[in-house]
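Trainee: Here it is, the structure in full.
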Amino acid sequence: MRAADERTAALSGRCGSVSVRRRRLLQSLLALPLGLPLGPALAATPGLEFGELYGKVSVLGLEFSDKVKALAGQAVTMRGFMAPPLKAEARFFVLTEIPMALCPFCSSDADWPDNIVVVYLDHRQTFVQANARIEVRGRLEVGSWTDPETGFVSLLRLRGAEFRSD
Amino acid sequence: MRILLAALAATSVLAGAAQAASVYPLDRATILAGSPFDFKVELDSVVKPEDVRITVNGEDYSQAFGAPAQFVEAEQGKDGKTFGSALLLRALKLDRPGTYTVEVSAGSEHKRVSWDVFAAPAPGRARNVIFFLGDGLSVAHRTGARLMSKGMTEGKANGRLNMDDLDHMAFIGTSSTNAIATDSANTMSAYMTGHKTAVNALGVYADRTPSPFDDPKVETIAEAVRRTTGKAIGVVSTAELEDATPAAVVAHTRLRAEKAAIVGDFYAVKPDVMLGGGSAYFLAKTVPGSKRKDDKNYIELFKDAGYTLVTDKAELAALAGGSGKVLGLFHTGNMDVTLDREFLKKGTVAKFPNQPGLVDMTRAALERLAQNPNGFFLMVEGASVDKMSHPMDWDRALFETIEFDQAIGVAREFVKTHPDTLIVVTGDHTHGVSIIGTIDDDKPGSEMRDKVGVYAAAGFPNYTDENGDGFPDRVDVSRRLAVFSSNFPDYYETFRPKLDGPFEPAVKNEKGEYVANAAYKDVPGAVLRVGNLPKDADTAVHAVDDVVLQATGPGADDFKGYMEESDVYRVLATALGLGAPAKP
């Protein structure tokens, strides 16, 4: 319906860094058969946090951070909240730093929050309750791109992605 | 019985046929003399052009209007659906004031509408008009702002808001053309064009075709000011400049969400001063942070048109003493609210640490606009009274109201030296918000509801304002205002200010329903309130209650009793003398 955007980040660092304890927990979760296979060595995949997406933020535009530039094209993991798909048939969803309504203030606009990443799934996965944090692994794609089915414009994407409950 | 049913059926058919055609402008429209507007007739059936008869006060319409309308044999809806025939005449002008009765007949369809074309001779009584729009401004916001900012002793306010001393008032009806309920697009559009319209529409009547850009247009106040006067125009908002309220000063679209196009509408009118957020829609899509889908760079286009660009508080202050047009963009999206910007440093303040507030923006705008010897029209919006009332973040909403009132104070200072200025203060719609007492942490009880003081037990809140800035030094005092919404989605009521950032009461689940945001579940004392709104409602909604308008200055005595939002335009147009012939 409307352009997606990568606006500036509201960076409270809520996602925080993955602690050693958390990492062990993730590894042990991975060992369990219940989740989707996230491929080998999740812990070895570089993590990217919402607070690390942009280096410079200004009214006249944002600049991707050095970390984002360095990781472009590589597999990364991000943790956040899944905003519901725009359309049931959409092949992507929006990953947000904090759980949120799509448009907190109105009935018509689909105004996205400050910092989002668009996630294209490798294969269809069931949408999960927005109150639950997820971890996504995918190939980081950097630069403007318009989704041909929906017209959704994004600047940062995770391609070939998979996710699981965090 | 059978006869009765047959009779009823016949009646329904006749009634349906009589109402089949739609005519824009709608019945009872009030139209500024000389103001261009689009005339459209929508028929339910497909007819031949020669089968359509339209008269105006009994005369053939093409004589009365000076031109024939374009005939569309069959309008198309989405998915190939065919509507009936239509007639469209763009940019019609009626210079002669009076009643215009338009009668349409085509086959079995008949429709009769009546318009009141009013004069607004120049010069008007006011050289300048400052129109303050508190988005969502309800009575409780005023009361809460007064209690928080000024305090109360023995039942009498310890001070007055700036808006408290405006000497003329009216109750304003805010309903839209398609519902008793309303949004910030159609409401502001009614104020700024004199024509009521449908929810989500700006500067147009809402027709049946799918395009958001082909609907019958009406003239905005900025266009009328440009057409008939040499006055300057200013638009100031704490929201994105493309948001519904500031957009309504200039824009024409069925859908307020068409923000990229709305920037183009601003560019077409080129207001002399534009201050607010929303730079993302000015940037070409290749720039990270842009929300456009094309390569237009409106920052450069405005600069090339002679605008000085300012992007933070210091640059805004540095404008003092200068001249020329100004584009101030202080955020990619909506600007942060006062409580975050000046006190808590939450929201996006870390990213945009030097945003000006509404007071600074109003002062800067007045300084520039007052340089025009012909006068000016300035619209100032306190946008986030609404944006913080939707998520029921009452502390932020009341701080926004205090800031809005301080901006009104700047205007009241201005009129001391410019008495030929009309000040109007109003809301565009209300919220279902009420103050019912206090929340006193020191009251006994294990549940937070035990601490809600009502009637005599409410006492008085214990906010302090040691530095005299008009804002409480702290919002998390032990005896604070108890504010509740009449309507809500599922959410966790915490009975406390949200010190970590604006409240986000509900989030969408996998079924597309809004559920309580679990982020607040573990706040001490939080309780789940099961919503009374449909599950697709993300936040509290607008109320249908009347708005209170207040005004002072030349023309203010035209505000009285109950008025529609569209009637307010007539007062503004009359005060400014916008019924003058078009400038050569």
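Trainee: Would you confirm whether or not the stretch B:109-131 contains a residue that is buried (at least 22 other Cβ atoms within 10 Å of the Cβ), assigned by TED's automatic domain parsing to the domain that holds B:Glu50 and among the acidic types (Asp, Glu)?
Mentor: Looking for residues that are buried (at least 22 other Cβ atoms within 10 Å of the Cβ), assigned by TED's automatic domain parsing to the domain that holds B:Glu50 and among the acidic types (Asp, Glu), one finds at least one in the stretch B:109-131, hence yes.
Trainee: If we scan the stretch A:103-115, do we find a residue that is modelled with pLDDT of 70 or more and buried (at least 17 other Cβ atoms within 10 Å of the Cβ)?
Mentor: The answer is yes, given that some residue of the stretch A:103-115 is modelled with pLDDT of 70 or more and buried (at least 17 other Cβ atoms within 10 Å of the Cβ).
Trainee: Turning to a different aspect of this structure: Which residue out of B:Glu504, B:Glu510, B:Glu493 is charged (D, E, K, R) and over 19 Å from B:Val433 (Cα atoms)?
Mentor: B:Glu510
Trainee: Oh, and also: List the pairs whose first member sits in the stretch A:65-83 and is in contact (Cβ under 8 Å) with a residue 60 or more places away in the chain, whose second member is assigned to a loop (DSSP other than H, G, I, E, B) and among the small types (Gly, Ala, Ser), and whose Cβ atoms are under 7 Å apart, counting only residues at least 6 apart or on separate chains?
Mentor: A:Met82/A:Ala130
Trainee: Next question, about the same structure. Find the residue count for the stretch B:467-491, including only residues that are surrounded by fewer than 22 Cβ atoms within 10 Å (Cβ to Cβ), touching a residue at least 12 places away in the same chain (Cβ under 8 Å) and charged (D, E, K, R).
Mentor: 3
Trainee: Which of (1) buried (at least 23 other Cβ atoms within 10 Å of the Cβ); (2) out of contact with any helix residue (DSSP H, G or I) (no Cβ under 7 Å at 6 or more places or on another chain); (3) under 26 Å from B:Asn158 (Cα atoms) is the odd one out, the single condition B:Thr143 does not satisfy?
Mentor: Condition (1) is where B:Thr143 drops out.
Trainee: Could I ask something else about it? Among the residues in the stretch B:377-391, are any among the hydroxyl-bearing types (Ser, Thr, Tyr), in contact with a strand residue (DSSP E or B) (Cβ under 9 Å, 6 or more places away or on another chain) and either more than 27 Å from A:Asn115 (Cα to Cα) or within 14 Å of chain A (Cβ to nearest Cβ) (or both)? Lay out the reasoning, then the answer.
Mentor: First, the residues of the stretch B:377-391 that are among the hydroxyl-bearing types (Ser, Thr, Tyr): B:384, B:389.
After this cut, where a residue has to be in contact with a strand residue (DSSP E or B) (Cβ under 9 Å, 6 or more places away or on another chain) as well, the list is B:384, B:389.
Imposing the further condition that a residue be either more than 27 Å from A:Asn115 (Cα to Cα) or within 14 Å of chain A (Cβ to nearest Cβ) (or both) reduces the set to B:384, B:389.
Yes, that holds for at least one residue.
Trainee: Something else about it: Would you check which residues across the stretch B:306-343 are more than 24 Å from B:Ile408 (Cβ to Cβ) and assigned to a helix (DSSP H, G or I) and list them?
Mentor: Once the filter is applied, which keeps residues that are more than 24 Å from B:Ile408 (Cβ to Cβ) and assigned to a helix (DSSP H, G or I), the stretch B:306-343 yields B:Ala314, B:Glu315.
Trainee: List the pairs whose first member sits in the stretch B:555-568 and is assigned to a helix (DSSP H, G or I), whose second member is among the charged types (D, E, K, R), and whose Cβ atoms are under 6 Å apart, counting only residues at least 6 apart or on separate chains?
Mentor: From the stretch B:555-568, the pairs are B:Ser566/B:Lys196.
Trainee: Within the stretch A:41-70, which residues are closer than 17 Å to A:Phe163 by Cβ, within 14 Å of the chain's Cα centre (by Cα) and part of a helix (DSSP H, G or I)?
Mentor: Within the stretch A:41-70, A:Phe50 is the sole residue that qualifies.
Trainee: Let me ask something else. Residues in the stretch B:267-308 that are closer than 23 Å to B:Val225 by Cβ, at the interface with chain A (Cβ under 10 Å from one of its Cβ atoms) and of a type in the set (S, T, N, Q): how many?
Mentor: Number of matching residues: 0.
Trainee: Looking at the stretch B:409-426, can you tell me whether even one residue there is assigned to a strand (DSSP E or B), more than 30 Å from B:Thr197 (Cα to Cα) and modelled with pLDDT of 95 or more?
Mentor: No.
Trainee: Looking at B:Thr228, B:Thr220, which is the one that is among the polar types (S, T, N, Q) and buried (at least 24 other Cβ atoms within 10 Å of the Cβ)?
Mentor: Working: B:Thr228 fails: buried (at least 24 other Cβ atoms within 10 Å of the Cβ).
Answer to the check: B:Thr220.
Trainee: Among the listed residues A:Gly47, A:Gly80, identify the single one that is among the small types (Gly, Ala, Ser), modelled with pLDDT of 90 or more and buried (at least 22 other Cβ atoms within 10 Å of the Cβ).
Mentor: Answer to the check: A:Gly80.
Trainee: Restricting to the stretch B:158-211, what's the tally of residues that are in a loop (DSSP other than H, G, I, E, B) and away from chain A (no Cβ under 14 Å)?
Mentor: Total satisfying the criteria: 19.
Trainee: May I pose another question? Which is under 31 Å from the mean Cα position of the chain (by Cα), away from chain A (no Cβ under 14 Å) and farther than 30 Å from B:Val269 by Cβ, of B:Gly470, B:Gly459, B:Gly409, B:Gly453?
Mentor: B:Gly470
Trainee: Checking the conditions here, which among B:Asp500, B:Asp538, B:Asp546 is surrounded by fewer than 17 Cβ atoms within 10 Å (Cβ to Cβ) and either in contact with a His (Cβ under 6 Å, 6 or more places away or on another chain) or among the acidic types (Asp, Glu) (or both)?
Mentor: B:Asp500
Trainee: Taking the stretch B:481-510, which residues are at the interface with chain A (Cβ under 8 Å from one of its Cβ atoms), in contact with a strand residue (DSSP E or B) (Cβ under 8 Å, 6 or more places away or on another chain) and among the charged types (D, E, K, R)?
Mentor: Residue satisfying the conditions is B:Lys508 alone.
Trainee: Select from the stretch B:309-344 the residues that are within 14 Å of another protein chain (Cβ to nearest Cβ) and polar (S, T, N, Q) and list them in ascending order.
Mentor: Matches in the stretch B:309-344: B:Thr311, B:Thr332, B:Asn334.
Trainee: Related question: Go through the stretch B:511-521 and give me each residue that's more than 8 Å from chain A (Cβ to nearest Cβ), surrounded by fewer than 20 Cβ atoms within 10 Å (Cβ to Cβ) and under 9 Å from B:Tyr492 (Cβ atoms).
Mentor: So in the stretch B:511-521, the residues more than 8 Å from chain A (Cβ to nearest Cβ) come out as B:511, B:513, B:516, B:520-521.
Applying the additional criterion that residues be surrounded by fewer than 20 Cβ atoms within 10 Å (Cβ to Cβ) yields B:511, B:513, B:520-521.
B:Tyr520, B:Lys521, listed by residue number.
Trainee: Hey, another quick one. Pick from the stretch B:268-295 the residues that are part of a helix (DSSP H, G or I) and touching a residue at least 24 places away in the same chain (Cβ under 8 Å): which of them is surrounded by the fewest Cβ atoms within 10 Å (Cβ to Cβ)?
Mentor: Residue satisfying both the conditions and the ranking: B:Val269.
The values are calculated or read from the model by the stated rules, or taken from the named source; none is laboratory data. Because the structure is a prediction, the values reported are computed rather than measured. Don't worry about glycine lacking a Cβ; one is built from the backbone with ideal geometry, like all the others, and counts go over all protein chains shown.
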